[in-house]
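The values are calculated or read from the model by the stated rules, or taken from the named source; none is laboratory data. For clarity, every value in this text was computed on a predicted model and none was experimentally measured. Cβ placement follows ideal geometry from the backbone for every residue including glycine, while neighbour counts extend to all protein chains displayed. All accessible areas refer to the heavy atoms of the entire protein, side chains included, with ligands and DNA or RNA removed. Shrake-Rupley method; radii C 1.70, N 1.55, O 1.52, S 1.80 Å.
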Amino acid sequence: MADKNSLTYRDAGVDIDAGNELVRRIKPLVRSTARPGADGEIGGFGGLFDLKAAGFTDPVLVAANDGVGTKLKIAIETGLHDTIGIDLVAMCVNDLVVQGAEPLFFLDYFATGRLDPAEGEAIVKGIAEGCRMAGCALIGGETAEMPGVYAGKDYDLAGFAVGAAERGRLLPRTDTLESGDMLLGLASSGVHSNGYSLVRRIVGTTGLAFDAAAPFDAAQSLGEALITPTRIYVKPLLAAIGETGGIKALAHITGGGFVENIPRALPDHLRADIDLFAVSPPPVFGWLSREGGVTQAEMLRTFNCGVGMVVVVSEADAATVSALLQSAGETVVPLGRLRPRQDAAVTFNGALDLS
């Protein structure tokens, strides 16, 4: 029994040595995200970024923060921690690029009840990978060991990203949007990072374990399929914005699906008229709909249903923008058009193929 007069922080459940070990492990990962404006080092009291070195002359800063939601529970229960950090970065940087901003730097907050340096390294490995995919630097973060707040192996993540655009080049360009403009959909990689409370509820009703074969993809376990990371659209979209000048608006399809997210990029007098026959939902969405008895309307306001990003362009620019995005590896589908608004900000034609 420890002497009550000689208690240590470790006795209280916080291991400073484990924290130092984690910092040692992640330093090479952080360095791998270095870019002009940031040197990719950590250890100070704050991270630095040089906008001039990044090539900006009259920038407007754009900031975003987000988490991963209850998708974390699947990472925790399966022990698959390597890609959850990609989700964390994606949810922030995709929100920056829809405003026309180039992501510059990222900071993370990792809180847990008991710090496992190997697990923490795996999580930060994913964060660093996400930063490289987005072209931003990981310049700092915080690791908090909080016994009594988080139980067992539970942990939480939050991300903070800052980007910039030259003044006058922000999106949406609402003054240019007009009826007849085309909506292009960029394919998602799956469920991304929204709706996982419903996903987990449905999995619970099936009785399937996460290590069982996925009913909709026998090549993966159910856990592996559901942990597929969120697609990061930053580099192809920045290239299309810069090279074509044809993108008028973007909408990141996250929580709230088409119904809540597309109107955020539109003026009050326009609506998005979407052709659901053009959407090709990955098999996971059909499985979720069938197993959970989830209606089409609920699917459309909860999940991305196979479209992670919506791009608004004029009809004249649609082919050029589509070709550039496809050459960068994106799957692009004509999704619909802008029309004069009547009641709803988003209207649908046809039906999703959830077979």
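Pop a pseudo-label 7 angstrom from the Cα along the beta-carbon direction at both T331 and D211 and give the gap in nm to one decimal.
Distance between the two pseudo-spin positions: 3.1 nm.
So what is the relative contact order of the chain, in percent, for Cα pairs below 8 Å that sit 6 or more residues apart?
The value is 21 percent.
Could you tell me the distance between the Cα centroids of region 262-296 and region 60-136, to the nearest Å?
25 Å
With the Cα gyration tensor of region 166-248 in hand, convert its eigenvalues to equivalent ellipsoid semi-axes via √(5λ) and list them largest first in whole Å.
Gyration-tensor ellipsoid for region 166-248: 39, 14, 11 Å.
Can you compute the helix-only [θ] at 222 nm over the chain? Use -39500 (n - 2.57) per DSSP H run of at least 4 residues, normalise by all residues, nearest 500 deg cm²/dmol.
Rounded to the nearest 500, it is -10000 deg cm²/dmol.
Name the aspartates and glutamates eligible as straight-distance cross-link partners of K235: C-alpha to C-alpha under 18 Å, and not fewer than 8 places from it in the same chain.
By straight Cα distance, K235 reaches D87, D95, E102, E129, E166, E243, E330.
How long are the three semi-axes of the equivalent ellipsoid for the chain, computed from the Cα gyration tensor as the root of 5 times each eigenvalue, in whole Å, largest first?
Largest first, the chain gives 37, 27, 15 Å.
Calculate, in nm to one decimal, what T8 and T244 gain on full extension: separation in residues at 0.36 nm each, minus their alpha carbon distance.
Going from the current span to full extension adds 78.9 nm.
Could I get the Rg over Rh figure for region 1-87? Both from C-alpha atoms, Rh via Kirkwood, rounded to two places. Before the final figure, lay out each step's value.
Working: Rg = 19.2 Å, Rh = 17.3 Å.
Expressed as Rg/Rh, it is 1.11.
Considering just Cα atoms, how many Å³ per residue does the convex hull of region 165-313 enclose?
For region 165-313, the hull spanned by Cα atoms encloses 121 Å³ per residue.
Go ahead and run the numbers for FRET between F45 and I16, Cβ-Cβ distance against an R0 of 25 Å, rounding to 0.05.
Computed FRET efficiency for F45 and I16: 0.90.
Per residue, how much accessible area does the chain show when a 1.4 Å probe rolls over the protein heavy atoms, in square angstrom?
Using a 1.4 Å probe on heavy atoms only, each residue of the chain averages 44 Å².
Filter K52/K125; K27/K52; K73/K153 down to the pairs with a C-alpha to C-alpha distance above 21 Å, please.
Checking Cα-Cα distances, K52/K125; K27/K52 exceed 21 Å.
Relative to the longest principal axis of the C-alpha atoms of the chain, give the angle of the C-alpha long axis of helix 117-134, reported between 0 and 90° and rounded to the nearest 10°.
The answer is roughly 30 degrees.
Angle, helix 84-97 long axis vs. longest principal axis of the chain, Cα atoms, 0 to 90°, nearest 10?
40 degrees
Hey, quick one: spin label on N65, modelled 7 Å out along Cα-Cβ, who in region 159-181 has an amide N within reach, i.e. under 11 Å?
159-161
Convert 25 °C to kelvin, take the viscosity as 0.890 mPa s, use the Kirkwood radius over C-alpha pairs of region 105-177 as Rh, and evaluate the Stokes-Einstein diffusion coefficient in µm²/s, rounded to a whole number.
Answer, rounded: 170 µm²/s.
Determine the share of the chain's accessible area contributed by carbon and sulfur atoms, expressed in whole percent, with a 1.4 angstrom probe.
The nonpolar share, carbon plus sulfur, comes to 51 percent.
Limiting things to C-alpha atoms, what are the Rg and the maximum Cα-Cα separation (Dmax) for region 10-57, in angstroms?
When restricted to Cα atoms, region 10-57 yields Rg and Dmax of 15.1, 52 Å.
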